[in-house]
Amino acid sequence: MSTLEDYKRIMADLRGGKFKPVYMLHGEEGFFIDRIALEIERTALAEEERDFNQTVLYGRDSDPDMVKDTCLRFPMMAERQVVIVREMQSWRIDQLEKLEPYLKKPSPTTVLVMCYKHKKVDGRKSVLKTIQKGGGQVFTSDKIREEKLPDLFISFAKKQKRKLGNAEAALLATHLGSDLSKAMKEVEKVCLVTEEGGAITSDIIQRYIGISKDYNIFELQNAIGNRDALKAQRIADHFAADQKDNPFVLTLGFLNTYFAKLALVHSAKGKSSTEIAGVLKVSPYFVRDYVAHAQNYSLGKVVEVQRHLRQFDLRSKGLGGDGSDQGELLRELVAKVMA
């Protein structure tokens, strides 16, 4: 089961009042770990029960004995107590193993939440299996692949009773990057300023996040793909005038990925849209655009563009360049691509 599927299942259980005695939340993506821990805080205890029955510890300030002793306390005038250990990745593996006697037979009146962020617990050790054998939950929080981000944003907006279109979700994914915690805060922001049942438009995104609906890498790719030289150069001029927010190195990276996908479309000739979406690792919604753009660029032309991209990457690093600034390089690159 994927990280996202596991996350949805755990969140559904928590909202349904189903709690495990132990949660080991570990992995590279901190967003899901934080959200699960927050949901346990929100749902496991009533507000009036939290003062006496919720304890938050931090890895650097605690040890196995402290965590175990806290977990063995009885709740006060409540069905359960919640013990959350944050930043547990600061523990050595042998410290974690000292908790195994408790993890084998955890207290039925305690919910222990261990947040082990930015890396995974060594799976060769027995501690993860011990947690599962003791009736606990092990959740591995892997990074979400880039092509999955738009669907995640759309799903989140839907839960907030807002509508987020595929194009707008792709725009957010392209510009907000892979820091999911930061990206989701921005998506939450545009949900808050959009009325319930309303659509999150590109105008709202531009106003509250600062991503231009007309001058962005997504629009540049489409202009190039559609052979719209005037629009492509207009966007290149905008990027050149605002290099801080549109660094040449990032634009190169996006265009390199884009033309690599066009090459894959050529290699996937004869396949269905669903199959092509799998090859490209994009939402099926965008397959039609990639197929149309590939018709405007033969495989030979794609290879030629990829050669230009490599040359301009070297020039931007001062190798074989003529002193042109990065804005001038971008304008020249767009002209060569569109020639």
Original post:
How large is ³J(HN,Hα) for each residue in region 270-276, as worked out from phi by the Karplus curve 6.51 cos²θ - 1.76 cosθ + 1.60 (θ = phi - 60°), to whole Hz, x for Gly and Pro?
Top reply: x, 7, 6, 4, 5, 5, 5
Subject >> Neighbour cut-off at most 14 other Cβ (10 Å), DSSP loop, trypsin sites (Lys or Arg not before Pro), region 12-43 >> reply: LYS18
**OP:** Among the GluC sites (Glu not before Pro) in region 176-227, which ones are in a DSSP loop with at most 15 other Cβ atoms within 10 Å of the Cβ? Mind listing them?
**Re:** GLU195, GLU196
**OP:** With 30 Å as the limit, write out which pairs from LYS159/LYS269; LYS8/LYS117; LYS189/LYS336; LYS148/LYS189; LYS185/LYS301 have Cα-Cα distances beyond it, or answer none.
**Re:** LYS159/LYS269; LYS189/LYS336; LYS185/LYS301
Original post:
Mean separation of Cα pairs under 8 Å and 6+ residues apart, divided by the residue count of the chain: what relative contact order is that in percent?
Top reply: 15
**OP:** For region 217-338, take the alpha-carbon Rg, divide it by the Kirkwood Rh, and send me Rg/Rh.
**Re:** 0.99
Subject >> Reported label for calculated volume of the Cα convex hull per residue in Å³ given [x] 124; [y] 145; [z] 179 >> reply: [z]
Original post:
List the GluC sites (Glu not before Pro) in region 1-71 that DSSP assigns to loop (not H, G, I, E or B) and whose Cβ has at most 16 other Cβ atoms within 10 Å. Which are they?
Top reply: GLU28
Subject >> Pairwise centroid distance, computed over Cα atoms, of region 1-79 with region 233-284, Å >> reply: 41
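Taken together, the values in this text are just the output of simple stated rules run on the coordinates, not laboratory data. Just so it is clear, the structure is predicted and the values come from calculations on it, not from any experiment. Here the Cβ is made from the backbone with ideal geometry for all residues, glycine too, and neighbour counts use every protein chain on show.
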